[in-house]
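Right, one structure below, let's go through it.
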Amino acid sequence: MLEVALRHRFPGFALDAEFASPGPGVTALFGPSGCGKSTILAAIAGLLRPEAGRVALDGAVLLDTARGIALPPERRRCGVVFQDSRLFPHLSVASNLRYGLRRAPRDATGPSVEEVVALLGLGALLGRRPLGLSGGERQRVALGRALLARPRLLLMDEPLASLDAARRAEVLPFLARLRDAAGLPILYVTHALEEVDALADRLVLLEAGRVLAEGPVEALAARPDLPALARRRDAGALIGCTVLAQDAARGLTRLGFEGGALEVAQRLGLAVGARLRLRLRARDVAVALEAPRGVSMHNILPCRLESIAPAGEAEVLLRLLVGPTPLLARITRDSQARLGLAPGMAVFALVKSVAFDHAAVAA
Amino acid sequence: MLSPEEWEAVRLSLAVAGRSVLVSLLPAVLVAWALARGRFPGRMLLDALVHLPLVVPPVVVGWGLLMLFGLRGPVGAVLNDWFGIRLVFTTGGAALATAVMSFPLIVRSVRLGLEGLDPGLEAAARTLGAGPLDRFLTVTLPLMSPGILAGAVTAFAAGLGEFGAVITFASNIPGETQTLPLAIYAATQTPGGEAAAGRLALVSFALALAGLLLAELAGRRLGRWIGRT
């Protein structure tokens, strides 16, 4: 359990944030540039001294300005992965990896060098210097170095932000593996929704130094009242799914979720039973009063219209419930009027099978 | 090629320059550290003070040393009466005068190296559990070593030729304080000494050039070693 409460003023910017993150798993600090998310990370790591605040990890107080406690970073045991990897240029990859391990307390437990090297695919890099590595390789080494310091908490400050799309795609699976293998609480700062979708269990939504909302990612993604999420073009519900069947003859993959099932254009490489998370964008969901016939769409989901929220001048966001699972649909104000939509109505959500290009594999 | 006396001057020059670097290196690194990283009142004053030998006539530096470290000076008297150490008119004195003169060269070089060092690396070392001394020795020092080396070699090369401060504070005593430039000066003052002056000037030139080339070479190797190329 990580408890964080921080207050700090910069010229023209004030941070006043409080949140908690229970147990292992990834908590994403999400928000636009300058919302204070990196400042929060620095304060937890001890690299920035906030004016007031308290940080406690599993009951151990790292910072409590009221009681005059402020452990230096070297005694906090927070592994940090920086955006700009910050590998030591004068040391080999192997020495970089061992730097934190050599300084870890004797009784600290965690994966061995060999395990981390295997986990992150660093075997071929061990003898090399950081300067000769690609950006993606550097971040992988930085991940390993932080993990090998046997930390109690991993802090990641936009670890993929300095990489291009191809390199991001290369490192992301390693991040997911590290998350599953480390069994540590991870605080992950990002402004990229794909990374949230792929990695995060919980979300702390930040804006202008304040916490707008916090909770499980799926719950926050399906809330139409959070402009930081709902106003985005890629706004939509995140749905945890299990692969039910691969229908090679029809070229479809069938996914089950709580309350229903979806057919999507076939994704090979997904074993039956695998878990994954789909982002179903609100603008890809249409609504009908009756189950339509003679349409190309595969997915016609009976659901209940829970609420209607305005979304800009001419559009509204509908929150639909398929069993217990919420979906978002973005339609025009005109469509709402034509169909006479009102909360409580039974409707059908229509989803194209090719609408999912944002699928993210989660554990 | 060179007479024994001339060889003595070369040897003495190397010894004085070497000792001056040994004496000033550690304080110079500390001062450079304070100037680059410290936030304390009087930082600008310290900065100016360190650079004074670059702009003040060397003779004035020598005179100042004479006042401070002379047998009746506040520091010199203590050294002489309590420890039996005499600096005026000795090789040690010549080294001290040379050290003061080349001090700013080392400070500048070390400071440049320090300011080019990414403080993020030290922050990373902290998060990995390294305390102050630990991260200074394992991160900061290795990364600033090219600056230290460049400063030391430049100071050594410049120290071979220090004239004004040495002759004022330590005088021109053959075998004791007569370094290369002082020997050249003495030769030019002697009738028929032109040939000797020419030979010594050539040696002086060669040593300085070798020193600078060595600095460049070592700097590159170190740069590669710390992964900066």
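The values are calculated or read from the model by the stated rules, or taken from the named source; none is laboratory data. Keep in mind that this is a model prediction, so the values were computed, not measured. Quick reminder, even Gly has a Cβ in these numbers, built from the backbone with ideal geometry, and neighbours come from all protein chains shown. Please note that ligands, DNA and RNA were not included when accessible areas were found on the heavy atoms of the full protein model with its side chains. Shrake-Rupley method; radii C 1.70, N 1.55, O 1.52, S 1.80 Å.
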- Item | Any hit, segment B:78-90, residues being modelled with pLDDT of 90 or more and buried (at least 18 other Cβ atoms within 10 Å of the Cβ) | no
- Requiring at least 1 residues that are in contact with a strand residue (DSSP E or B) (Cβ under 8 Å, 6 or more places away or on another chain) and surrounded by fewer than 17 Cβ atoms within 10 Å (Cβ to Cβ), the strands (runs of 3 or more DSSP E) wholly within segment A:131-238 are A:210-216
- Query: Considering only segment B:150-166, how many residues are of a type in the set (A, V, I, L, M) and under 20 Å from B:Gly113 (Cα atoms)?
  - Reply: 6
- Message: When you scan segment A:109-116, do you find a residue that is within 30 Å of B:Leu222 (Cβ to Cβ), in the same structural domain as A:Leu184 (by TED's automatic domain parsing) and modelled with pLDDT of 95 or more, even just one?
- Response: no
- Message: Going by what's in this entry, would B:Thr188 be described as crowded, with 19+ Cβ neighbours inside 10 Å, among the β-branched types (Val, Ile, Thr) and farther than 30 Å from A:Leu71 by Cα?
- Response: no
- Query: within 11 Å of chain B (Cβ to nearest Cβ) and over 17 Å from B:Val139 (Cα atoms), is that true of A:Ala161?
  - Reply: no
- Task: Could you please find all residues in segment B:84-109 being more than 19 Å from B:Leu22 (Cβ to Cβ) and without any contact (Cβ under 8 Å) to a residue 24 or more places away in the chain?
- Result: B:Gly84, B:Arg86
- Of all residues in segment A:85-94, count the ones that are at the interface with chain B (Cβ under 7 Å from one of its Cβ atoms) and closer than 21 Å to A:Ala42 by Cα. 2
- Task: Could you please find all residues in segment A:92-107 being out of contact with any helix residue (DSSP H, G or I) (no Cβ under 7 Å at 6 or more places or on another chain) and either crowded, with 24+ Cβ neighbours inside 10 Å or assigned to a loop (DSSP other than H, G, I, E, B) (or both)?
- Result: A:Ser92, A:Ala104, A:Pro105, A:Arg106, A:Asp107
- Message: If a residue must be within 8 Å of chain A (Cβ to nearest Cβ), part of a helix (DSSP H, G or I) and out of contact with any Ser or Thr (no Cβ under 8 Å at 6 or more places or on another chain), how many such residues does segment B:122-134 contain?
- Response: 5
- Item | segment A:108-121 - residue that is over 12 Å from A:Arg145 (Cα atoms), more than 14 Å from every other protein chain (Cβ to nearest Cβ) and part of a loop (DSSP other than H, G, I, E, B) and, of those, nearest to the chain's Cα centre (by Cα) | A:Gly121
- Query: Which condition breaks for A:Leu97 when tested against (1) within 14 Å of chain B (Cβ to nearest Cβ); (2) touching a Phe, Trp or Tyr at 6+ places or on another chain (Cβ under 8 Å)?
  - Reply: (2)
- Task: Quickly run through segment B:138-185 and pick out the residues that are aromatic (Phe, Trp, Tyr) and open to solvent by 40 Å² or more (accessible area, probe 1.4 Å).
- Result: B:Phe156, B:Phe163, B:Tyr185
- What strands (runs of 3 or more DSSP E) completely inside segment A:1-73 contain at least 3 residues that are open to solvent by 40 Å² or more (accessible area, probe 1.4 Å) and either modelled with pLDDT of 95 or more or farther than 23 Å from A:Leu226 by Cα (or both)? A:2-10
